[in-house]
Amino acid sequence: MNDPIAPPRSFPEAAHDALADDQLRRNLAHVTSTIRVKRAAAVAELPDWEALREAGRAIKTETMRHLDRHLVALERSVTAAGGVVHWARNAEEANRIVGGLIESHRTTEVVKAKSLTTEEIGLNEALAQRGIRAWETDLAQLIIQLSDDTPSHILVPAIHRNRAQIRDLFRAELPGAPADLPDDPSALAEAARLYLRELFLRARVGISGANFAVAETGTIAVVESEGNARMCTTLPEVLITVMGIEKVIPSWRDLEVYLQLLPRSSTAERMNPYTSLWTGVDPADGPREFHLVLLDHGRTTALADEVGRQALHCIRCSACLNVCPVYERTGGHAYGSTYPGPIGAIITPLLTDLHEGATLPYASSLCGACYEVCPVKIDIPRVLVHLRGRVVREGAHSEPGEQAAMGALARLFEHPRAFAAAQRIGALLTAPLRRRGRRITRLPGPLRGWTQGRDLPPPQPSFRDWWRRER
Ligand code: SF4
């Protein structure tokens, strides 16, 4: 099976198609600008926001340094609390473990809370191959599932759809939805709620992801807005949580920092409407069985990259997506991965083979807005530049003729006389192209693309020529 998070085609190709979709751009501009304003107001309420960000960064850095120790401690705590821990090296192993657990309980359907990690490993598709139906219970994920679509935003997976489109979808695909269902948000939510309630009461196995896992106590934390994850993690007899190994945090006290950073950065709320915490199993309450699947799937490879490893600090708040000028225009599908936007542009190539996501580090203007808003201070522009360097050094991707042109330039820069001569020749050749003797607004032939979105300053006399002339 192909790696489910590997982009199927290059970013420029996919972005080209996305940019032609006017409706998509209108939806994205409206939603991202609204979230941006709300997030800024929520963050401004906290005078110690910068100190919190620094604490979030420091805890993650320290945790990654001793990840092996913290994971073993987590396994010990979960086991002591009555849970079972499974280790999965990759998507295939994780899917096999989850599928086997479900089959051992002789059921063919499960309810799922929204989980990027299970998206990343293609769990629903793998379960479907074993004859198991996984029902998404988050409203946006349900919309995605019913329309056979893929998410385009970390937090708002159906951001590319407006409410009229959702009404039409529900009328056609949602069991029990009235034929005259209006596009009023509360009516849409009510139709989904009635359908989901039945599923929650019927399912014997629930599946969730994890926002955090506390090593010292074995407690898993999931935050959400709708209450569906609470239902998935408490109603079924069996709960299976699939978690990337980077989600572990050492102590209960550390959780306090992230429970402040995450809601303000993601939904612009002071706290999440639902914060579910559970530790193993309790005979008096909740599931009778709890399984925690700890997933690597490229994370230890990313950890070995000294600059790139900070991408593993991500708490999936999506603030970087909402401020990114590239994401706002192309939307999430252009990234071709579970993780879109600036974080996707760095984490996808790190988790997969660099060759798979080689064009993603270029999906950025390097404006730095993502770094400014990141609640755990991931220096995304630095990682982007670092990955671009790796792409070139490892020959992962190049435009036709780019390598030859760069090689020729490198040789030119090494020889001052040749460089000065090239400057003079360049000035002569481009003289007819200068508009009113100044900037070049249109280059001919294959160079035309360069001037489609910008002017080219004409070659200037070299400093050495100027020096010789003036002295
Ligand atoms: S990189 Fe930072 S801003 Fe972007 S989703 Fe992750 S935590 Fe949020």
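Quick one: ranking E109, E269 by accessible area, 1.4 Å probe, largest first, what do you get?
Numbers: E109 35, E269 55 Å².
Highest to lowest solvent-accessible surface, that is E269, E109.
Shown for the chain: cysteine residues without a partner Cβ closer than 4.7 Å, namely C232, C314, C317, C324, C367, C374.
Between E109 and M271, the contour length at 0.36 nm per residue exceeds the Cα-Cα span by 55.1 nm.
Placing unit charges on C-beta atoms (Lys and Arg positive, Asp and Glu negative, everything else neutral), compute the dipole magnitude of the chain about its Cα centre in debye, rounded to 20.
Values: 57 positive and 56 negative charges, 520 e Å.
So the magnitude is around 2500 debye.
Here the gap between R202 and R468, fully extended at 0.36 nm per residue and compared with their Cα-Cα distance, gives a gain of 87.1 nm.
With the simple spin-label model, which puts each label point 7 Å out from Cα in the Cβ direction, the W252 to E402 separation comes to 5.2 nm. Here the stretch 158-184 and the stretch 49-111 have alpha carbon centers that stand 36 Å from each other. Distance from the alpha carbon centroid of the stretch 313-342 to that of the stretch 372-438 works out to 26 angstrom.
When the trypsin sites (Lys or Arg not before Pro) in the stretch 2-74 are filtered for DSSP coil states and for at most 15 other beta-carbon atoms within 10 Å of their beta-carbon, the remaining sites are R9. Here the gap between V84 and R133, fully extended at 0.36 nm per residue and compared with their Cα-Cα distance, gives a gain of 15.3 nm. Computed over Cα pairs, the Kirkwood radius of the stretch 46-297 leads via Stokes-Einstein (1.567 mPa s, 4 °C) to a diffusion coefficient of 68 µm² per second. Helix 252-266 axis versus longest C-alpha principal axis of the chain: approximately 60°, rounded to the nearest ten. Here the stretch 46-297 is assigned +1 on the Cβ of each Lys and Arg and -1 on the Cβ of each Asp and Glu. Its dipole about the Cα centre then comes out at about 260 debye. Straight Cα distances below 21 angstrom link K60 to the lysines K247, K377, with same-chain residues fewer than 8 positions distant left out.
What is the sum of charges around I346, taking Lys and Arg as +1, Asp and Glu as -1, for the other residues whose C-beta is under 12 Å from the C-beta of I346?
Values: positive: R309, R382, R388, R390; negative: D305, D379.
For residues surrounding I346, the net value is +2.
Rg and Dmax, both from the Cα atoms of the chain and both in Å, are 25.5, 92. What FRET efficiency comes out for D68 versus T150 if R0 is 30 angstrom and r is the Cβ-Cβ distance? Round to the nearest 0.05. It comes out at approximately 0.35.
In this calculation the C-beta distance from V385 to E125 is compared with R0 = 41 Å, giving a FRET efficiency of 0.75.
Using Cβ point charges alone (K and R +1, D and E -1), the dipole size of the stretch 408-470 about the Cα centre works out to roughly 260 debye. Mean separation of Cα pairs under 8 Å and 6 or more residues apart, divided by the residue count, gives the chain a relative contact order of 20 percent.
Ranking R193, R288, R204 from most to least accessible surface, computed with a 1.4 Å probe over the protein chains only, gives R288, R193, R204.
Computed from the Cβ-Cβ distance with R0 of 41 Å, the FRET efficiency linking A172 to A6 stands at 0.85.
The values are calculated or read from the model by the stated rules, or taken from the named source; none is laboratory data. Note that the structure is a prediction, hence the values are computed from the model and not measured. Cβ sites come from the backbone with ideal geometry, for glycine too, and all protein chains shown count toward neighbours. To get the accessible areas, we keep the full protein, side chains included, count just its heavy atoms, and leave off ligands, DNA and RNA. Shrake-Rupley method; radii C 1.70, N 1.55, O 1.52, S 1.80 Å.
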